[in-house]
Amino acid sequence: MALGPRLDLRQSQSLVMTPQLQQAIKLLALSNLEIEAFIGEALEKNPLLEAGDLSMVRPAEGPPVDGLSAPEEPTSDELIRLGAGEADAPLDIDTSALDRDRETGDWAAQPVVAGAEEGLALEERSAGEPTLAEHLESQIGAVASGPGELFVARFLIGLLDEAGYLTVPLDEVAQDLGVALPEVERALSAVQMLDPTGVGARTLGECLALQAKEADRYDPCMAKLLANLELVAKGSFAQLKRMCGVDDEDFADMLRELRSYDPKPGLRFGGGERAPVVPDILVSPAKSGWDIALNEATLPRLVINRSYFLELRSRRDQGTKSWLSEKLADANWLVKALDQRQKTILKVAAAIVEQQEGFFRRGVSHLKPLTLRAVAEKIGMHESTVSRVTSNKYLHCARGLFELKFFFTSGVAAADGEGSVSAEAVKAQIRALVDAEDPGAILSDDTLVELLREKGFDLARRTVAKYREAIGIGSSVQRRRQKKLAGVA
């Protein structure tokens, strides 16, 4: 058969992401603060858009504008109705063929902030707080003996980590700067004279030694103790007392002094990059359920500039009319997309609140297992949509501030064989048992398994150990050593 070129006509179907679809996917994944920045860019690009009031805005009275359909604000009943079907269909991006990063919902995380006993405190650092480097830079000029030493000292300050430690060897610094090693050592000594005491140390022992010298407690006994910190961690107090040549009273005094030092002095200052978390969703108790709303303080509202549109539409220039039509279509679509985004977030949040009502009323011990698929099936959306809605968004309630993904946890079988409980609830029980244990009778993992089974949790020993480590609780040997150290001090 002869080979030759030819033309064929074929029909095929493919899924193509339009610019509007890409924009919709992006909007779903953004937080309120990111939406605020996005709206700011949109206002600069499209003169037909303007920022409206944060409160409900009614369309201004005037002649109708062709092609403009301002979405109506949903009522409070529509916002909190669980599983409501009367409102406009939420923006549901069912692009399973395009998704490659979907989550299963088996996600165990700690809350960002909580007002109850199970939460972790949020570090809110003010924007005006100086960083560690800025604090040290303001002091080094008065300590350095000359321009050369000042230059090297500033270079060393830039190498300190957030805890205040120097992790780069001095010979590498000398090689990089092209100076002698003794000059770098003198500059490091100048840095170690700065406040807070202990910055510029290369090891934990050196950091504590600097603070002991500042307190005038760096005698040969304390130096011997700081040189053997690994024995302190092991609780080998009898061996340490022999090495230091002190009695029980002096050794207890040395341990108390050691415990008063700061092992990470640099953490007293802000990092310069961390910003406080702002909630996207606000949940508060109502007479018959929960009041769920978006945080309008961080959510500007877009409206169409009608007067500007009417002014330009009156012109006869065809180019102006074409440009106006394009901008109006973009503005109208963006207003609708943002409105649908709000409804989608509220619907997902309402489903989460309904599923986890026990948590909102009684705490983390009543948190239920929940997956993205379960929420998606309940509200009739695609799983990838729920994943994007819960990404980078935070919910504030009476118990504190939580990331939406905190409410999606894996399940653990109950001891009675009926149903399952959340992994977060199990972790809370483990923490409560360990906090209440007697220093003279530390609970082993096997004992924890038995106590948890009495409370209705059927867990294997390795699962208890995994959850214990996940919440930062050491083994029974480590806890016994820590309590022994605390008792001596």
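The values are calculated or read from the model by the stated rules, or taken from the named source; none is laboratory data. Since the structure is predicted, the reported quantities are computational estimates derived from the model, not experimental observations. Heads up, the Cβs are rebuilt from the backbone with ideal geometry, glycines too, and the neighbour counts pull from every protein chain shown.
Annotations
- Considering residues of segment 9-25 that are modelled with pLDDT under 85 and farther than 19 Å from residue 333 by Cβ only, the residue surrounded by the most Cβ atoms within 10 Å (Cβ to Cβ): 15
- Segment 184-235 holds helices (runs of 4 or more DSSP H) entirely within its bounds, and those carrying 3 or more residues that are touching a Ser or Thr at 6+ places or on another chain (Cβ under 6 Å) map to 204-214.
- Subset of segment 294-321 (residues that are over 19 Å from residue 39 (Cβ atoms) and either assigned to a helix (DSSP H, G or I) or hydrophobic (A, V, I, L, M, F, W, C) (or both)): 307, 310, 311, 312, 313, 318, 319, 320, 321
- Meets criteria (part of a helix (DSSP H, G or I), modelled with pLDDT of 80 or more and of a type in the set (A, V, I, L, M, F, W, C)) for residue 28: yes
Every residue, every condition in (1) in contact (Cβ under 8 Å) with a residue 40 or more places away in the chain; (2) not assigned by TED's automatic domain parsing to the domain that holds residue 45, yes or no:
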{"position": "237", "(1), (2)": "yes, yes"}
{"position": "241", "(1), (2)": "no, yes"}
{"position": "249", "(1), (2)": "no, yes"}
{"position": "260", "(1), (2)": "no, yes"}
{"position": "283", "(1), (2)": "yes, no"}
{"position": "299", "(1), (2)": "yes, no"}
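- Some residue of segment 277-286 being in contact with a Gly (Cβ under 9 Å, 6 or more places away or on another chain) and surrounded by 15 or more Cβ atoms within 10 Å (Cβ to Cβ): no
- Where a residue in segment 148-169 is free of Cβ contacts under 8 Å to residues at least 12 places away in the same chain and outside the structural domain of residue 137 (by TED's automatic domain parsing) and its partner, wherever it lies, is buried (at least 16 other Cβ atoms within 10 Å of the Cβ) and part of a helix (DSSP H, G or I), with Cβ under 9 Å and at least six apart: none
- A count restricted to segment 346-384 and to residues that are charged (D, E, K, R), surrounded by fewer than 19 Cβ atoms within 10 Å (Cβ to Cβ) and modelled with pLDDT of 85 or more stands at 6.
- Tally, over segment 292-324, of residues that are of a type outside the set (Lys, Arg) and more than 20 Å from residue 339 (Cβ to Cβ): 13
- The residue of segment 453-469 that is surrounded by the most Cβ atoms within 10 Å (Cβ to Cβ), among those that are in a loop (DSSP other than H, G, I, E, B) and either in contact with a strand residue (DSSP E or B) (Cβ under 7 Å, 6 or more places away or on another chain) or at pLDDT below 80 (or both), is 459.
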